[in-house]
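Working notes, structure below.
The values are calculated or read from the model by the stated rules, or taken from the named source; none is laboratory data. The model shown is predicted, which means the values in this text are computed figures rather than measured ones. All Cβ positions, glycine included, derive from the backbone under ideal geometry; neighbour counts span all protein chains shown.
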Amino acid sequence: MSKQPGARPTPPDEHAGATQRTPAEQQRLRVLRFAAASATYAIGISILALCAALGMLSWARWGLIAAAFAAINLAFLLVFLRRANLAFADPSLTQGQVIVACSMMVPILLAGPRLDLVAVPFYSVLFVFAMLKLSSRQLVWTTAYMLATYALAVALRLHCYAGVLDLGDETVTAVLVVASAIWFAGAASYIYRLRSRLKETVARLGEIAARDGLTGLWSRRHIDALLLKEIQRAARSGAPLAVALADLDHFKSVNDRFGHAAGDAALQYASRAIGTSLRGGDELGRWGGEEFLILLPNANAEQARACANRLREALAAQPFDAATQARLTVSVGLAVWTPGEGVAELVARADRAMYRAKQAGRNRVEVDGEGSG
């Protein structure tokens, strides 16, 4: 149920709006990102092929490295296609991919004495991918793992190619790798903090957009998106769904007699009174002016009528203004969703029923397709 004004609101992302990605869309995006990473691996393998052509490593070793990368990428692809990645805290598996790539740098650096040339650019690419997704803590562990595997590779190179390596070149490369790691870790941590603040700002803006500024109820745009979701859910499950359009009676006279401040207070009172009368799972939004739209999932016509009468009685139970003792009444139109019906058609039927309630004397409930209530 929608929260009353002043209460802590439900975050909008709990109710997927029209622009929010579905789980299937999120998974497709992860696969596309993985494809981009695989393309980067292909570029790296091509660079190593150039090194092989220049005699910096044998073609046999190049073939083993290429086969290893192909097998690793195929394994990750199968994980994504089988949706097994969803079992992990990070469904994108960014840290796992970066760690595997860091591990593969050991055999790459051991494949030839002159391959220290690829260390800095290859590690830099890995850090760029890490910067885009990993948290500060993950970056610390990933950086530590990268430096540990690089230290292992250097130690093995010094053992395997003793007397062949240029220690000056090795030292410069090591300094560049370590300095790059420190720089990227610092930059990535800063970017992560910026990304976190941006995420919080977007969430706050989403909350502002989803809420009516005066009453704190769902805005028309958001309640419209929620209704679409409820219609889709009802279409899948076959469960009943009803909507109620409630319009305050003689609201113009409230503004004329007591002023617009009193009118605002009346709307706030109405939103609280209606909200407290709803069931758990019902949703309440301000549709426009003095109109409110209520979503009633799993409610047939009889249950929806009972709910509408309950909110009508709750609204009139006490005055909205203690000084004037003025009270509010409401006319409610109900419509029960029928298969194949869209948002506009369903709300239009509730609107027609609401106008019938007005014409029949106000302060009453009418159900589209039924007699007076």
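Quick notes
- From the options Ala317, Ala306, residue that is assigned by TED's automatic domain parsing to the domain that holds Leu245, under 39 Å from the mean Cα position of the chain (by Cα) and more than 20 Å from Leu226 (Cβ to Cβ): Ala306
- Checking Ala323 against (1) under 14 Å from Asn363 (Cβ atoms); (2) not in a helix (DSSP H, G or I), the condition it does not meet: (1)
- Number of positions in segment 244-254 that are in a helix (DSSP H, G or I) and either crowded, with 16+ Cβ neighbours inside 10 Å or small (Gly, Ala, Ser) (or both): 3
Here's the yes/no breakdown for (1) crowded, with 21+ Cβ neighbours inside 10 Å; (2) modelled with pLDDT of 95 or more; (3) in contact with a Pro (Cβ under 8 Å, 6 or more places away or on another chain); (4) over 19 Å from Thr324 (Cα atoms):
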position	(1), (2), (3), (4)
Ala242	yes, yes, no, yes
Asp256	no, no, no, no
His260	no, no, no, no
Gly281	no, no, yes, yes
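- Looking across Glu207, Glu230, one residue alone is part of a helix (DSSP H, G or I), modelled with pLDDT of 95 or more and either outside the structural domain of Thr149 (by TED's automatic domain parsing) or farther than 28 Å from Leu334 by Cβ (or both). It is Glu230.
- Count of segment 144-166 residues, restricted to those that are of a type outside the set (Gly, Ala, Ser) and modelled with pLDDT under 90, is 3.
- Per-region count, segment 77-125, residues on the phi > 0 side of the Ramachandran plot and exposed (fewer than 15 other Cβ atoms within 10 Å of the Cβ): 1
- Single condition Leu78 does not satisfy, out of (1) within 39 Å of the chain's Cα centre (by Cα); (2) at pLDDT 95 or above; (3) within 17 Å of Met104 (Cα to Cα): (3)
- Identification of helices (runs of 4 or more DSSP H) wholly contained in segment 35-149 with 3 or more residues that are hydrophobic (A, V, I, L, M, F, W, C), within 25 Å of Arg193 (Cα to Cα) and without any contact (Cβ under 8 Å) to a residue 60 or more places away in the chain yields 94-110, 119-133.
- Scope segment 150-181; condition aliphatic (A, V, I, L, M), surrounded by 14 or more Cβ atoms within 10 Å (Cβ to Cβ) and not in a helix (DSSP H, G or I); matching residues: Leu165
- Qualifying residues in segment 262-279 (those that are over 13 Å from Phe320 (Cβ atoms) and among the small types (Gly, Ala, Ser)) - the one farthest from the chain's Cα centre (by Cα): Ser277
- Selection from segment 178-221 of residues that are hydrophobic (A, V, I, L, M, F, W, C) and farther than 30 Å from Asp116 by Cα: Leu194, Leu198, Val202, Ala203, Leu205, Ile208, Ala209, Ala210, Leu214, Leu217, Trp218
Yes/no per residue for (1) surrounded by fewer than 22 Cβ atoms within 10 Å (Cβ to Cβ); (2) in contact (Cβ under 8 Å) with a residue 40 or more places away in the chain; (3) closer than 28 Å to Ala235 by Cβ:
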position: Arg310; (1), (2), (3): yes, no, yes
position: Ala314; (1), (2), (3): yes, yes, no
position: Ala317; (1), (2), (3): yes, yes, no
position: Thr329; (1), (2), (3): yes, yes, no
position: Gly342; (1), (2), (3): yes, yes, yes
position: Ala353; (1), (2), (3): no, yes, yes
position: Val367; (1), (2), (3): no, yes, yes
